[in-house]
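Presented below is the structure to which this report refers.
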Amino acid sequence: MSAGTNKIDVVVTDIVPLNELVTRFKFERADGGLLPTFSGGAHTVIEMKDGETTRLNPYSLMSDPADRHAYTISVRRDDAGRGGSLFLHKNVRIGDEMVISYPVNLFALDLRARKHLMIAGGIGITPFLAQIKQLSATNGRFELHYACRNQALGSYVDDLTTAHPNNVHVYFDDDGQALDLENLLDGQPLGTHIYICGPKGMINWVRDTAERLGWPREAVHYEEFLAPQSGKPFTVKLAKSDLEFEVGEHQSLLEAIEAAGVDAPYLCRGGACGQCETDVLEADGEILHRDHWLEDDEKESGKKIMPCVSRFEGRIIVLDR
Amino acid sequence: MTIQFNDETFRDDYTFTNSERAIKRFPFPFHEDSYMYSVNMEQHQGGPEGSIYEKRFDVDEHYISEMKDRALVLDEDPLRCQSLPHMTLAGWDLLELIMVSKSEDYPDLFELHRDGNNWHWINKPLGIEQKFVFMDESTLPYGPMEYITRQTQGDFALLDQRDENLWMDAGMVTTQADWSLDFDIGMNFFEWHAPVPKAHEMGIFKRALKFLLNIQQGMPARRLNWTMTVNPLLDTSPENYHKWGAQKTTLTPENVGQKQYLRVELQTFFRLPRSNGMVFPIRCYLISLEDLVTIPKWGRRLHRVIRDVPEELATYKGFIDNRPLIVDYLSKFDDGAPTSDGVWPD
């Protein structure tokens, strides 16, 4: 079952460049109806018809979860990426019709928390924007620490500091400002939960520090979507479907399976949720595991692969699909 | 569609009956002549017209009487309905899901008028009319989960999702097959399923949990479960075992057809949008053996299933002592003819 099978036809109703790298897109239902409500931290998967290629990229919903008239996302342009963000930045216009998935939340608030401590890096701010709106509506207690390169690239810094002057703390790297993490974590009241969204280095830094300071694992939440990386083309055979085809240089294995007309399961398309886990029947070569779902021993066994982000180098790989 | 609601009881004099229509639409759970656990889940996106699968929340002829029975259970034991503090938002999710579904699926019975957060709910069968402010608990006579589940057939387990697990953190449970919300509250998926035999070894719960964690908004799922109950009792709870347990010893060859019921649960699973929790409605359907064998295929098949079900399962489901009586009775309706695949009558 792929979450993407439950889809919504939308129209792009607004495009706002925020700064040199980040642009905001607004979607409304094509039939004029209301969109589903969602919970802060949820993402939607956006379908992009980029020439011959169909891209399906996840983006965090940043609008007010209670506002059913529109969804908004903010997209950082990744010039070195495979093209999803570039496509949105360059090809999408107001009035375009697009298809998005129902909201899926893999980064939900723990509603038992007495306090929500949020740590954001760069474009990792987006899920927190929705969570803050949800918490503000229900009198939830939160505190945001937001690190970005500089004022010009600090998306939503002004909005946040104006709306929540006592709860938002901003750090500009270029000005040498840095979060005093140990001190911050040390002083939190009992019942605090930590949420991290940002680059891998930041997530690891906060998780490691929290662990060292004795924070319970269940109180530390993070979201990191990996983008699939390009690589050498390879041949895949699907045993059940009895198909054999090439996975292109800039195509993920999952995208190639879909392009071959096979409905494979997925949710996050970023190596995090486990939904697309697939059994490997034969592999004449090396699997390049890039997910953070499989355990190390599963990766070493060569019997499993996460086709959304992982690749293969060798003669042929045969999957139980 | 008009429903003639029964005036009947699920206790004391047991006046519960199934009409011919109710018998025909009974969710017979066995698709073949034997039974073993499986992760038998499918999408809950409607079903054949008139079947119990057609609507998101089935309303049938027992509705009003079941709600009266629920009120009696709650009067005696308020702990059948509990909600931990962080589950209030999920309670609102559930209230919205049920009110929207019922008003869309049964417009002649239920109406919901919404003006922003000012909501107006009309439940015609129960004669309830309520104006309230959505997300403002002070405007309802009960919390949101209790309010709406006092008006909806079936038990409700409201589950929080965190740490790759589901947690039974709220519920309304008055029609259960011998489990207790008060005992299970706060437990995770593996903890509350610990008493089930065999299934853990088979890896059923690990796979089932993985499936459930991935149920998304707009993609509800369902499965059936079953057991056997003597007398048409909704409240077969551990709390009241001293009242109903002894009734199992009253079966005789003469009364088994009338007193022995097949109890089937339609279990559905919905992702809740605002809380990212899940609701797990467990709807109980009862049918006497006497009524069930009026569908020849079901009589033949139930005989074979009950006769061959492994001993651990018959013990866990609580009918091991009565199995010989039940099998004797059902054997009279099994001529050995082959049965067709699937659950539907021929």
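The values are calculated or read from the model by the stated rules, or taken from the named source; none is laboratory data. Just so it is clear, the structure is predicted and the values come from calculations on it, not from any experiment. Don't worry about glycine lacking a Cβ; one is built from the backbone with ideal geometry, like all the others, and counts go over all protein chains shown. Remember, those area values only see protein heavy atoms, side chains included, never the ligands or the DNA or RNA. Shrake-Rupley method; radii C 1.70, N 1.55, O 1.52, S 1.80 Å.
All conditions but one from (1) at pLDDT 95 or above; (2) hydroxyl-bearing (Ser, Thr, Tyr); (3) open to solvent by 10 Å² or more (accessible area, probe 1.4 Å) apply to A:Thr138; the one that does not is (1). For the range A:215-247, a residue qualifies if it is of a type in the set (D, E, K, R) and either under 30 Å from A:Gly122 (Cβ atoms) or surrounded by fewer than 16 Cβ atoms within 10 Å (Cβ to Cβ) (or both), and the qualifying residues are A:Arg217, A:Glu218, A:Glu223, A:Glu224, A:Lys232, A:Lys240, A:Asp242, A:Glu244, A:Glu246. Selection of first residues in the range A:298-310 that are under 20 Å from A:Cys268 (Cα atoms) and of second residues that are assigned to a strand (DSSP E or B) and small (Gly, Ala, Ser), restricted to Cβ pairs under 9 Å at least 6 apart or on distinct chains, gives the following pairs, ordered by first then second residue: A:Ile305/A:Ala283.
Residues of the range A:37-69 that are within 13 Å of another protein chain (Cβ to nearest Cβ), of a type outside the set (Lys, Arg) and open to solvent by 30 Å² or more (accessible area, probe 1.4 Å): A:Asp64, A:Ala66, A:Asp67, A:His69. No other residue among B:Gly46, B:Gly50 is more than 30 Å from B:Gln247 (Cα to Cα), open to solvent by 10 Å² or more (accessible area, probe 1.4 Å) and without any contact (Cβ under 8 Å) to a residue 12 or more places away in the chain apart from B:Gly46. B:Arg274 - would you say it is crowded, with 19+ Cβ neighbours inside 10 Å, under 30 Å from B:Lys55 (Cα atoms) and out of contact with any strand residue (DSSP E or B) (no Cβ under 8 Å at 6 or more places or on another chain)? Yes, satisfied.
A single member of A:Gly261, A:Gly271 is surrounded by fewer than 18 Cβ atoms within 10 Å (Cβ to Cβ) and among the small types (Gly, Ala, Ser), and it is A:Gly261. Within the set B:Lys206, B:Lys198, the sole residue that is within 14 Å of another protein chain (Cβ to nearest Cβ) and of a type in the set (Lys, Arg) turns out to be B:Lys206.
Residue-level check: of (1) closer than 30 Å to A:Gly274 by Cβ; (2) of a type in the set (S, T, N, Q); (3) under 24 Å from the mean Cα position of the chain (by Cα); (4) open to solvent by less than 90 Å² (accessible area, probe 1.4 Å), A:Asn150 misses just (1). Applying a threshold of 9 Å to beta carbon distances and a minimum spacing of six or more residues, or different chains, the list of pairs starting in the range B:59-86 at a residue that is away from every other protein chain (no Cβ under 14 Å) and acidic (Asp, Glu) and ending at one that is part of a helix (DSSP H, G or I) and surrounded by fewer than 17 Cβ atoms within 10 Å (Cβ to Cβ) reads B:Asp60/B:Arg21; B:Glu61/B:Arg21; B:Asp77/B:Asp182. For the range B:266-300, a tally of residues being of a type in the set (A, V, I, L, M, F, W, C) and over 18 Å from the mean Cα position of the chain (by Cα) returns 6. I'm trying to understand the selection: among the residues of the range A:165-183, which are of a type in the set (D, E, K, R) and surrounded by 13 or more Cβ atoms within 10 Å (Cβ to Cβ)? Scanning the range A:165-183 gives a single hit, A:Asp173.
The residue list A:Thr209, A:Thr162 contains one member that is surrounded by fewer than 13 Cβ atoms within 10 Å (Cβ to Cβ) and among the β-branched types (Val, Ile, Thr), which is A:Thr162.
The criterion of being away from chain B (no Cβ under 14 Å), among the β-branched types (Val, Ile, Thr) and over 19 Å from the mean Cα position of the chain (by Cα) does not hold for A:Ile73. Taking the range A:20-35 as the range and being touching a residue at least 60 places away in the same chain (Cβ under 8 Å) and surrounded by 18 or more Cβ atoms within 10 Å (Cβ to Cβ) as the test, the residues that pass are A:Leu21, A:Val22, A:Thr23, A:Phe25, A:Phe27. Of all residues being open to solvent by 30 Å² or more (accessible area, probe 1.4 Å) and free of Cβ contacts under 8 Å to residues at least 12 places away in the same chain in the range B:172-217, which is farthest from B:Ala314 (Cα to Cα)? Just the residue, please. Residue satisfying both the conditions and the ranking: B:Lys210.
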